[in-house]
Each structure stands twice: as C-alpha cells, then as structure tokens.
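Taking it in order: structure first as structure tokens, then the write-up.
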Amino acid sequence: MVPTKTDPIWKKFVNSEQEYSFSCLATKMMYTRIKQMMRNKDAAIEAEAVDIAHSFFEKNINIVQADLNLIK
Amino acid sequence: MKNFYSKEEVIDLINTGKNLLIAADEALFKGLPKGNWIAGSIPYFMGDEGGACIRDKYFVTVLPTECKSVSIKQYKSNELEKITDDYPKNGVSFIIIPATSETHIKYANEIMTYPSLFNSPLVGWISGVHLDDLASVKPIIFNGATLEPSSEDAIVMHVELDDAYAAQIEIINLFKQGDGDTIEFPNDGFVIDNALVNGESVNFYDYLTSKNISLEQPLVADYSGAMINVSFQALDHEAKKVNLYAPVFQNTPYKLATQVANYEKEFTAEVNSHNVSPIYSCNCILNYLYAELEGKKTGEIKGPMTFGEIAYVLLNQTMVYVSLKKK
C-alpha cells in the first residue's frame, strides 16, 4: 500500500539527506533526481519532488515494494 | 533462443504478427513488410558465438507472449516530453535513437528532468553504424508500422503487459568509482573545457593529459548506489577540450573508474550472480572494442553492442537488460 500524497512520509523523504540502500535501479535514479531538485529548496520544488516520488512508487509498486519499505 | 535471422525468417516473424525489436546493418531494413516492429542500425552484436560484427543478418528480439499489445510512436526532438505521456498503464517502452542526431543530444541532456520519466520502464539504445562507415553513413531508426527510416527521430514501442507481470530494468556495469580525485563540472554538456578537481578549477584536457589518463576508463557518478558512466570520446588537442559520449552534469561528483582486469571473465561472473533471463538486453560498442569481445561471450545475455544504452537515461559502457516479474 502506497501512502497517500499528503502523508508526511513524502516531505520527509524528499528532504532526507539519508543514503538508502535501494535495490531497484529505477528507485536509485528517481532518488538522485529528487536530490538534484532539492538543492533549490523552495515550496514549489518540494511539492514537485513529492509528486514525482509519490507517483513513482504508486506506478511501480509491483517492483519497488522493498524500496518503499526502506523509507516508511 | 535464436537471435540471428535471415530476411525471409524476419518477414515470416513480421507477417505472423510477432512484436519485434530489430538490430541490423542499415542496408537491411528496406523490403521488410509493415508490422509490429521497430529497428535501429548497428552491425555489432553479442550472439550465441560471442561478440561479432555481422552485416548480412538481423538480430531480432521477439517479445514474449506476456506482451499483450504494442503501440509504435515516432518522436521528433521537440516531442520527447510526450514519450512519458504515452507510457503504457502496465508495461515497458523500448526506445531507439540515432547517434549524433539532435534527438540524441536533447534526450541525453534533458530526459532526467521530465517529471514522469520513472513512472514506467523506458529502455533502449542509440543506433550506430559500422566503424569504417562513420564518416559516410548516418545511423538510423526504422518505424515498422510506417516503413519510414529516420536519422533524426526517436522510435518507441510502448508495450502493454499481461496484468500478472511487471517489467524491471537493471544494469550490469563493471566499472566502479576509483579512489582518486573527485571531479565536478561547472556546466552540463558533452564537450568539456574546465573541471573542478577536488574543488580546484583546472583545464580538464590538461588534467587528463598530464596524468596520462586512459580514455578507456570512464568517468563514474554514483546515482544513489547505481554506478553511471560517462565515456570519453576524444581529446580535442587544438581546442584543449574533452569530448564525451554522454553529458556530464553540474553538482554531480564524478571519479575515474577502476580498471577492469578481464571483462569477459568478470562480466560472466556478474551475469551469473544476477541469475536473470532478460527479455531484452544491449551492451556498449566501447566494451566490445576495449575489452576485445569479438569471439568472446559475456554470459548468456545477448543483444546489440550499441552507440549508447538507455535505462531511463543515456548510459555508456554499461549492459542494460529488462526482465519480467510475476506480480
């Protein structure tokens, strides 16, 4: 089950400085993109980053469940 | 599974409605009938007998029956953002782009910034030509639905999968970041003049030549655990610039790769450790050349040896593969 987009988990994730041990290539690349975006910390970019992360896990949940568990 | 086919065999596959990804010398595409196929030019392959340059046969990936339906779309360089709009609901999209086209450059520079890029697997390769023909022949893609070739557009086969399956892209890259200097770049791009080496601004051409760096060792960036290569194309001695096969990006730390002692042996060991049966794969022409893979095998994974690999973004010197997973 992917948390809803309003769940605080997503803001925490996109602002995280943590190095996750993701197993899926797509998650690694998506997270790299999020970190690139979040160098410019403003509300609009944070909202866009949350959209990207949430949408990614929702659309790919069948292959990224283990990676989602790492950020929950 | 068989990989190389004669023209008559390919025509049979097309006429029986198979969904096909074809790689072959650019002269071979004319005369094939319309159908569910896309193609890109390249005469280098990893086949049953190992690495080979073959100009009179087609390397064909026949997509499995789990692929329910396909939609073939051609995109001009200013239409690349539409690719993610056309993603299947549950599937995978295969893309081929001609090397050195404006589409190739734009894709490499911009694709990472497309918001929906990672919402569905996008995988493929950059088409090329025989190395003897670099100055005289343009790499092409071929649209099997319209029988149109193009040396400029990207061709994509969007594949809808059976609901019971999901597609996953992975890579095998033997290159790791070495423990030497950290290199960053003040600008994005394929052509580099200056770099920040451990924070100090230097001419990158001077840096590479003074240290006698082998151009066979790519730059490697760490994408949250995925090692992403950028390969050297050439040194421009006159302009004192460095030409690359993929762009480097600002704010991304790179390191020169560690040496791979025996590509054939290490690659086979790595493939075996993954225990995968891909439905599609490709590898890089630079690995074919630098590791002298002609006549040598890289495990049981076969595919075209290309002018660039695509696993969402443009990669160099990397094997890319797609496998299906039962949900």
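The values are calculated or read from the model by the stated rules, or taken from the named source; none is laboratory data. Treat the numbers as computed from the prediction; the structure is a model and nothing was measured. For neighbour counting, all protein chains shown are included, and Cβ atoms are generated from backbone atoms with ideal geometry for every residue, glycine included. Surface accessibility is based on the protein's heavy atoms, side chains included, excluding ligands, DNA and RNA. Shrake-Rupley method; radii C 1.70, N 1.55, O 1.52, S 1.80 Å.
Results, tabulated for the structure shown:
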{"read-out": "Hits among aspartates and glutamates - C-alpha to C-alpha of A:Lys12 under 20 Å, sequence gap 8 or more where chains match", "value": "A:Asp42, A:Glu46, A:Glu48, A:Asp51, A:Glu58, A:Asp67"}
{"read-out": "Interface residues, the range B:100-149 - accessible area loss of 20 Å² or more versus chain alone, probe 1.4 Å", "value": "B:Met112, B:Thr113, B:Pro115, B:Phe118, B:Asn119"}
{"read-out": "Per residue, in Å², the accessible surface of the protein assembly as shown once ligands and nucleic acids are set aside, probe 1.4 Å", "value": "42"}
{"read-out": "Dipole magnitude of the range A:24-63 about its Cα centre (Cβ charges: Lys, Arg +1; Asp, Glu -1), debye to nearest 20", "value": "260"}
{"read-out": "Candidates B:His274, B:His130, B:His104: whichever shows maximal mean-square fluctuation once chain B is modelled as a Gaussian network with Cα springs under 10 Å", "value": "B:His274"}
{"read-out": "Reachable lysines, given that their alpha-carbon falls under 22 Å from the alpha-carbon of A:Lys11 and they are not under 8 places away in the same chain", "value": "A:Lys28, A:Lys35, A:Lys41, A:Lys59, A:Lys72"}
{"read-out": "Cross-link reach list, aspartates and glutamates versus B:Lys30, counting only Cα pairs under 17 Å and skipping chain neighbours closer than eight places", "value": "B:Glu8, B:Glu9, B:Asp12, B:Asp56, B:Glu148"}
{"read-out": "Sites B:Asp193 and B:Lys325 - FRET efficiency at Förster radius 30 Å, r taken between beta-carbons, to 0.05", "value": "0.10"}
{"read-out": "MRE, 222 nm, helices only [DSSP H, n ≥ 4, -39500 (n - 2.57), over chain A, to nearest 500]", "value": "-22500 deg cm²/dmol"}
{"read-out": "Solvent exposure, largest accessible area first (probe 1.4 Å, DNA, RNA and ligands not counted), of B:Tyr165, B:Tyr114", "value": "B:Tyr165, B:Tyr114"}
{"read-out": "Full-stretch length increase - B:Asn15, B:Lys89 - with 0.36 nm per residue and alpha-carbon distance subtracted", "value": "24.0 nm"}
{"read-out": "Leading residue at positive end of dipole, chain B (Cβ point charges), from B:Val242, B:Val320, B:Met112", "value": "B:Val320"}
{"read-out": "Pair A:Tyr20, B:Glu266: separation of 7 Å Cα→Cβ label points (nm)", "value": "2.9"}
{"read-out": "Fully extended contour minus Cα-Cα distance, from B:Glu300 to B:Thr113, at 0.36 nm per residue", "value": "63.9 nm"}
{"read-out": "Summed buried accessible area for B+A [probe radius 1.4 Å, Å², rounded to 100]", "value": "2000"}
{"read-out": "Euclidean distance between Cα centres, the range B:1-54 to the range B:99-170, Å", "value": "16"}
{"read-out": "Interface residues, the range B:300-327 - accessible area loss of 20 Å² or more versus chain alone, probe 1.4 Å", "value": "B:Tyr312, B:Lys327"}
{"read-out": "Pair B:Glu292, B:Glu152: separation of 7 Å Cα→Cβ label points (nm)", "value": "4.3"}
{"read-out": "Chain B - percent of accessible surface contributed by carbon and sulfur, probe 1.4 Å", "value": "45"}
{"read-out": "Shielded residues, the range B:152-170 - accessible-area loss of 30 Å² or more between chain alone and all protein chains, probe 1.4 Å", "value": "B:Gln168, B:Glu170"}
{"read-out": "Within a Gaussian network of chain B (alpha carbon springs, distance under 10 Å), most fluctuating of B:Ser120, B:Ser224, B:Ser281", "value": "B:Ser224"}
{"read-out": "Residue of B:Pro186, B:Pro88, B:Pro98 that the Gaussian network model of chain B assigns the largest fluctuation, springs spanning Cα pairs under 10 Å", "value": "B:Pro186"}
{"read-out": "Paramagnetic label zone (point 7 Å from Cα along Cα-to-C-beta, B:Leu215; backbone N under 17 Å) in the range B:91-126", "value": "B:100"}
{"read-out": "Per-pair calculated FRET efficiency, R0 = 41 Å: A:Asp42 and B:Lys2 via Cβ, rounded to 0.05", "value": "0.15"}
{"read-out": "Paramagnetic reach from B:His130 in the range B:281-299 [backbone N under 19 Å; point 7 Å along Cα→Cβ]", "value": "B:285-286, B:288-289, B:293-295"}
{"read-out": "Whole-percent carbon and sulfur share, accessible surface of the range A:24-63, 1.4 Å", "value": "47"}
{"read-out": "Gyration tensor verdict on the range A:24-63 (Cα atoms; rounded if a/c is under 1.5, prolate if a/b is larger than b/c, oblate otherwise)", "value": "oblate"}
